[in-house]
Amino acid sequence: QVQLVESGGGLVQPGGSLRLSCAASGRLVSRNTMGWYRRAPGQQRELVAIMPSSGLTNYVDSVKGRFTISRDGAKNTLLLQMTNLKLEDTAVYYCKARVGLRKYWGQGTQVTVSS
């Protein structure tokens, strides 16, 4: 059973930084496509950043240059470094793993950007 547990969310002022972590059960972070998604209040969940097993990365335009997705295979952890946070980055952030044909989600971590 794949389990994903996010952490690192919180309250931050505009322009601030946060680092989200997603701890995965089993050795899957480096072997599968991993991604970060978010759902803002009243909006649909959207892809923020994705990293397939190749290590190539892709980002939604609104976070390019500010967010960085990375992984620590030894610790089975997916990371999202977020800098220069904006009010519109406020959302619940979810980690997702695609293992074969199956998709697994974490429970989410709240990020609130507010002055």
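Taking the Cα centre of region 14-110 as origin and charging only Cβ (+1 Lys, Arg; -1 Asp, Glu), how large is the dipole, in debye to the nearest 20? So the magnitude is around 340 debye.
Hey, how many Å between the Cα centroid of region 6-44 and the Cα centroid of region 45-112? Spelled out, the Cα-based centre of one part sits 5 Å from the other. Surface composition of the chain: carbon and sulfur atoms hold 46% of the protein heavy-atom accessible area at a 1.4 Å probe. For the chain, the direction-averaged projected area of the alpha-carbon convex hull comes to 6.7 nm².
Dividing the C-alpha radius of gyration of region 50-115 by 2.2 N^0.38 Å, with N its residue count, gives 1.21. Once a ≥ b ≥ c are taken as the square roots of the eigenvalues of the Cα gyration tensor of region 1-66, is the result rounded (a/c under 1.5), prolate (a/b larger than b/c) or oblate (a/b not larger than b/c)? Prolate shape, in that a/c is at least 1.5 and a/b is the bigger ratio. Relative contact order of the chain, taken over Cα pairs closer than 8 Å and 6 or more residues apart, is 37 percent. Coupling constants for region 91-100 follow from the phi torsions by the Karplus curve (6.51 cos²θ - 1.76 cosθ + 1.60, θ = phi - 60°), and in residue order they are 4, 8, 9, 10, 9, 9, 10, 10, 10, x Hz; glycine and proline get x.
Annotation: per residue accessible area for the chain equals 54 Å², rounded to a whole number [probe 1.4 Å, protein chains only]. Cross-link partners for K75 among the lysines, with Cα-Cα distance under 24 Å and sequence neighbours closer than 8 places in the same chain left out: K96, K103.
The values are calculated or read from the model by the stated rules, or taken from the named source; none is laboratory data. Worth saying up front: this structure is predicted, and the values here are computed from it rather than measured. No Cβ is skipped: glycine too gets one built from the backbone with ideal geometry, and neighbour counts run over all protein chains shown. The accessibility values were calculated without ligands, DNA or RNA, using every heavy atom of the protein model including side chains. Shrake-Rupley method; radii C 1.70, N 1.55, O 1.52, S 1.80 Å.
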